[in-house]
Amino acid sequence: MREYPESFIKARRYTLCAVMILGASAAASVLTAKTGFSETAEKAALLSMSVLYGYNGQAAPETEPSEDITPQSSPETAQIYTYTEYAVDDSAMISAGSPLMPSSANEDISSAYPEAAADSFSDEDYLQGGKIIPTLYGRYTGDDYIDLPNGGQVRNITSMDNSELLTLAEQPPAFEITADGEPEVLIMHTHTTECYEPYEREYCDLNRSSRVLDSEQNMTAVGNEIAYQLYQSGIGVIHDTTVHDYPDYNGSYDRSRETVMNILEQYPTVKVVLDIHRDAIEKDGDRIAPLTEIDGRKAAQVMIICGCDDGTMNMPNCTDNFKFACALQSRIESDYPTLTRPVLFDYRHYNQDLTTGSLLIEVGGHANTLEQAKYSGQLIGKSLAELLLDLKK
């Protein structure tokens with residue numbers, strides 16, 4: 001029988017504990033701090049939908065997280081929680097627009113649901129739609145925009161004064177990191193089935209679903225990239241892969257709230273909760289792909305959304321989330337110039353009342369390719385790890 005190093009056994013213990021707590025069909029991917037075992041063992045410690053990738057007494061896979069790994073259970077079996085305390089309007093997820101673009105239109109939920117494709121990469125029955133327009137969102141000017149002192153911008157569409165927000169932006173996040181192997185970051189997805197273009201092309205396919213159940217093609221794949229970078233840096237991270245938006249899209253935030261609350265109860269060491277999405281920007285039937293180039297590779301641009309309390313949302317610590325949003329924005333933009341779009345600071349909830357490190361991050365849009373989004377996930381993970389280690393006690 002293969003003998004595993006203690007560090008890997010610890011990683012597996014967290015994994016199995018998460019399965020027991022959340023239920024086998026609502027399990028999380030739990031990665032613990034790197035403490036010296038082999039790179040292949042680290043990769044094998046990834047868990048998705050209650051199934052450990054590799055290392056079931058077998059040789060570890062020789063693949064990076066960004067390559068194909070076939071899960072042994074289906075996201076269709078994910079447990080859907082019911083939570084009715086908050087009436088959340090899911091249709092408000094998509095970001096507000098910019099002076100150079102019209103407001104991002106919400107996808108037509110009535111046509112996209114209740115059906116979500118099993119496989120988004122099929123070209124059968126291709127029906128040419130509008131153009132796919134790669135667009136670099138650059139620096140903006142105007143009263144709504146704040147230049148952060150360490151890089152990046154914030155778009156403020158609240159009644160809070162820009163000078164007050166700039167003072168907050170210069171303050172450190174409200175939490176500290178121990179990096180002792182305990183879970184401190186939770187990555188999850190309210191709209192898990194959101195997906196991307198399978199490859200670069202000039203026109204979109206009107207017959208192709210923009211949401212898919214395959215965890216190798218939807219937001220889970222991007223979350224894996226972020227989680228792996230944190231894990232490599234010695235930061236304990238839970239990647240929850242529960243499908244919250246299928247078969248019923250409405251109520252997604254209620255269900256994801258219940259998931260997050262359950263995890264926070266079982267893992268009170270978690271300080272950061274990142275809800276990873278993708279945007280959906282359209283103009284006159286064409287689809288916009290927020291795109292830049294980092295180190296010679298195309299990367300989907302990233303936008304952080306931080307909610308502000310208008311007095312009715314029960315978010316007394318929203319300014320603490322804002323401090324974290326600004327710190328992460330500046331770190332990503334200083335590490336990888338042009339990767340970020342301005343932070344959107346707006347009156348939105350998104351369950352960001354649960355911690356002082358809760359943010360929603362949109363990685364590209366439905367016109368970006370999966371590869372572009374996964375690459376951006378790697379970059380986000382690297383910058384986030386550096387930032388969090390700077391906050392180490």
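Full-extension gain between Thr269 and Asn250, please, as 0.36 nm times their residue separation minus the C-alpha to C-alpha distance.
Numbers: separation 19, 0.36 × 19 = 6.84 nm, distance 3.04 nm.
Result: 3.8 nm gained on full extension.
Residues of the stretch 152-296: accessible area per residue at 1.4 Å, in Å²?
It amounts to 30 Å² per residue over the stretch 152-296.
Decide, for the stretch 253-299, between rounded, prolate and oblate: order the square roots of the alpha carbon gyration tensor eigenvalues as a ≥ b ≥ c, take rounded if a/c falls under 1.5, and otherwise choose prolate if a/b is larger than b/c, else oblate.
Working: a/c = 6.68, a/b = 1.87, b/c = 3.57.
Judged from the Cα gyration tensor, the stretch 253-299 comes out oblate (a/c at least 1.5, b/c at or above a/b).
Would you please classify the overall shape of the stretch 121-260 from the alpha carbon gyration tensor, given that a ≥ b ≥ c denote the square roots of the eigenvalues, rounded means a/c under 1.5, and beyond that prolate means a/b larger than b/c while oblate covers the rest?
Oblate, since a/c reaches 1.5 and b/c is not below a/b.
Per residue of the stretch 176-182, in order, report the coupling 6.51 cos²θ - 1.76 cosθ + 1.60 (Karplus, θ = phi - 60°) as ³J(HN,Hα) in whole Hz, putting x for Gly and Pro.
Taking θ as phi minus 60°, the curve returns 10, 10, 9, 6, 9, x, 6 Hz for the stretch 176-182.
Dipole size in debye (nearest 20) for the stretch 238-393 around its Cα centre, Lys and Arg Cβ +1, Asp and Glu Cβ -1?
Details: 16 positive and 24 negative charges, 100 e Å.
Around 480 debye, computed over the stretch 238-393.
Return a whole-number percent for the relative contact order of the stretch 146-227, with Cα pairs under 8 Å and 6 or more residues apart as the contact set.
Here the relative contact order equals 23 percent.
Could you give the size of the charge dipole of the stretch 122-225 about its Cα centre, using +1 on the Cβ of each K and R and -1 on the Cβ of each D and E, expressed in debye and rounded to the nearest 20?
On the way: 6 positive and 21 negative charges, 81 e Å.
The dipole of the stretch 122-225 has a size of about 380 debye.
Below 8 Å, C-alpha to C-alpha, sequence gap of six or more: please give me the relative contact order for the stretch 245-393 in percent.
Normalised by residue count, the contact order of the stretch 245-393 is 33 percent.
Place the peptides 219-232, 312-325 in order of packing, highest mean first, counting for every residue the other Cβ atoms within 10 Å and averaging per peptide.
Most protected by this proxy first, the peptides run 219-232, 312-325.
At a 1.4 Å probe radius, carbon and sulfur cover how many percent of the accessible area of the stretch 261-393?
Values: 1760 of 4010 Å².
Here carbon and sulfur together make up 44 percent of the probe-accessible area.
Assign unit charges at the C-beta atoms only (+1 for Lys and Arg, -1 for Asp and Glu), then state the dipole size of the stretch 267-351 relative to its Cα centre in Debye, rounded to the nearest 20.
For this selection, approximately 220 debye.
Give me the extension gain from Asp147 to Ser334: residue separation times 0.36 nm, minus the current Cα-Cα distance, reported in nm with one decimal. If you can, show how the numbers build up before the last one.
Values: separation 187, 0.36 × 187 = 67.32 nm, distance 1.28 nm.
Roughly 66.0 nm would be gained on extension.
Which value, in Å², gives the accessible area per residue of the stretch 309-379 when a 1.4 Å probe is used on the protein heavy atoms?
Details: 1750 Å² over 71 residues.
Result: 25 Å² of accessible area for each residue.
Could the peptides 342-349, 238-245 be put in order, highest first, of the mean number of other beta-carbon atoms found within 10 Å of their residues? Walk me through the numbers on the way to the answer.
Working: 342-349: 22.1, 238-245: 27.4.
Listed from highest to lowest mean packing, they are 238-245, 342-349.
By its C-alpha gyration tensor, with a ≥ b ≥ c as the square roots of the eigenvalues, how is the stretch 325-367 shaped: rounded for a/c under 1.5, else prolate for a/b larger than b/c, else oblate?
Oblate shape, in that a/c is at least 1.5 and b/c is the bigger or equal ratio.
The values are calculated or read from the model by the stated rules, or taken from the named source; none is laboratory data. Worth saying up front: this structure is predicted, and the values here are computed from it rather than measured. Cβ atoms come from the backbone with ideal geometry, glycine included; neighbour counts cover every protein chain shown. Quick note on the areas: whole protein, heavy atoms, side chains included, nothing else; ligands and nucleic acids left out. Shrake-Rupley method; radii C 1.70, N 1.55, O 1.52, S 1.80 Å.
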